[in-house]
Amino acid sequence: MKGLEMGLGTIVEKRLAGSFVFSRKHTKRSTTGYFFATLAYQLAATFPTIWRDIVLRIRDNPALLDPDKSLRDQMEALFLRPLRSLQGRLHRRPPMVFVIDALQECISKAEVADLITLLAQVLRDPGVPVIHILLTSNSQTHIHEAFGKAEVRPLLRDIQTSTSGEILAMDMTSRGPYVTGDLPHILTMNTEPRNACITGDLSTAEELLKQEIQASGVNNHQSYANRSFVRARKRDWDRALQDALESISLRPSLTGYISKGIALCGKNHLQDALRAFDSASVFTGGDSETTLLHLIKARAPISSRAFLASTQSSGRCTFQCKSA
């Protein structure tokens, strides 16, 4: 988790170098077939000097872009070798971070297990610079088993999410420090609306929060922020932003600015969203809250881009090999 902390006090800035969000609803994201091609594309966009080498490898072996071919071959050519080439350039630089979200959405249990093993192999390679890979998933037996393998477990650090084991979050790295301690509850929500959120009854949660707001209690700012989160889950971005702004106007707070950032991500106003997350950092009360804030800051733009992409016609991310 240390890999997601950013520039406050002694905290070292890290960089989000790539991401992949699994989803059963989208063919190209329901398996690992396009996983390493996607990360290679993102890595080359960040470090253009490796672009030509990746293109040459694909030209020599076009099957690397075939989702049905060897995942190990894709890992070695599209991810491991590019990372090795960056070791000298990234020496004494902040470690890169890769976010892999919703592992449980991969339709093949065997593929997920193989992927986790291959990522561990990358991290054990002495020629790879220090990187952090953040993996999240619902708690499922096959994913627990993959994390528990002898070659994987020493590389992992649990990120405690205080959700009774419903969510798995892991920081995978070969070396480097971690943050200790539990992540705090961002949402301070009464039992009834919270239970409605857990069961997915968002309309009921929204109505209960409306009743709280109308009761004119002293914590109205929190109720507005909570309703903003609920409306964001419903993808009602405009009203989510309206609630976030109302919360901040009543009392600026960590939850108020986080809800604003998430709503702005949903509206694809990513620069404004990042500024809102930066404003939220003023209200963090310790390392664990700062860590959670930057986890949200890293993930929210990813999730919003995934949603926006799903509403448009999907296109394949390809490398074009041009003759000199």
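The values are calculated or read from the model by the stated rules, or taken from the named source; none is laboratory data. Treat the numbers as computed from the prediction; the structure is a model and nothing was measured. Note that we place each Cβ from the backbone using ideal geometry, even for glycine, and neighbour counts take in every protein chain shown. We work out accessible area using only protein heavy atoms, side chains counted, and drop any ligands, DNA or RNA first. Shrake-Rupley method; radii C 1.70, N 1.55, O 1.52, S 1.80 Å.
The residue list 129, 154 contains one member that is within 29 Å of residue 73 (Cα to Cα), open to solvent by 20 Å² or more (accessible area, probe 1.4 Å) and at pLDDT 70 or above, which is 154. Scanning the stretch 223-266 for residues that are open to solvent by less than 20 Å² (accessible area, probe 1.4 Å) and in contact with a Cys (Cβ under 8 Å, 6 or more places away or on another chain) yields one hit, 230.
Among helices (runs of 4 or more DSSP H) lying entirely in the stretch 190-303, which contain 3 or more residues that are modelled with pLDDT of 85 or more and over 29 Å from residue 132 (Cβ atoms)?
In the stretch 190-303, 202-214, 220-233, 237-250 are the helices (runs of 4 or more DSSP H) which contain 3 or more residues that are modelled with pLDDT of 85 or more and over 29 Å from residue 132 (Cβ atoms).
Say we look at the stretch 61-75 and pick out the residues that are in a helix (DSSP H, G or I) and touching a helix residue (DSSP H, G or I) at 6+ places or on another chain (Cβ under 9 Å); which of these is surrounded by the fewest Cβ atoms within 10 Å (Cβ to Cβ)? If you could, list the steps in order and put the result at the bottom.
So the first thing to find is which residues in the stretch 61-75 are in a helix (DSSP H, G or I), and the list is 62-65, 71-75.
Checking which are touching a helix residue (DSSP H, G or I) at 6+ places or on another chain (Cβ under 9 Å) leaves us with 63-65, 71-75.
Working: 63: 11, 64: 21, 65: 19, 71: 19, 72: 14, 73: 14, 74: 26, 75: 23.
Across the stretch 61-75, the extreme among qualifying residues is 63.
Taking first residues from the stretch 89-110 that are under 11 Å from residue 19 (Cβ atoms) and partners that are basic (Lys, Arg) and open to solvent by 60 Å² or more (accessible area, probe 1.4 Å), the Cβ contacts under 8 Å between residues at least 6 apart in sequence or on separate chains come to 97/15; 99/299; 101/299. Of all residue pairs spaced 6 or more apart or on separate chains, those with beta-carbon atoms under 6 Å, a first member in the stretch 185-214 that is under 23 Å from residue 254 (Cα atoms) and a second member that is open to solvent by 100 Å² or more (accessible area, probe 1.4 Å) and modelled with pLDDT under 85 are 208/192.
Would you mind finding the one in 58, 50 that is among the β-branched types (Val, Ile, Thr), free of Cβ contacts under 8 Å to residues at least 40 places away in the same chain and part of a helix (DSSP H, G or I)? Before you say what the answer is, go through the steps one by one.
Working: 58 fails: free of Cβ contacts under 8 Å to residues at least 40 places away in the same chain.
Among 58, 50, only 50 is among the β-branched types (Val, Ile, Thr), free of Cβ contacts under 8 Å to residues at least 40 places away in the same chain and part of a helix (DSSP H, G or I).
Against the condition assigned to a helix (DSSP H, G or I) and either at pLDDT below 90 or over 15 Å from residue 133 (Cα atoms) (or both), how does residue 9 come out, does it pass? Answer is no for this residue. In this structure, residue 147 does not satisfy being at pLDDT 95 or above and either in contact with a strand residue (DSSP E or B) (Cβ under 7 Å, 6 or more places away or on another chain) or among the aromatic types (Phe, Trp, Tyr) (or both).
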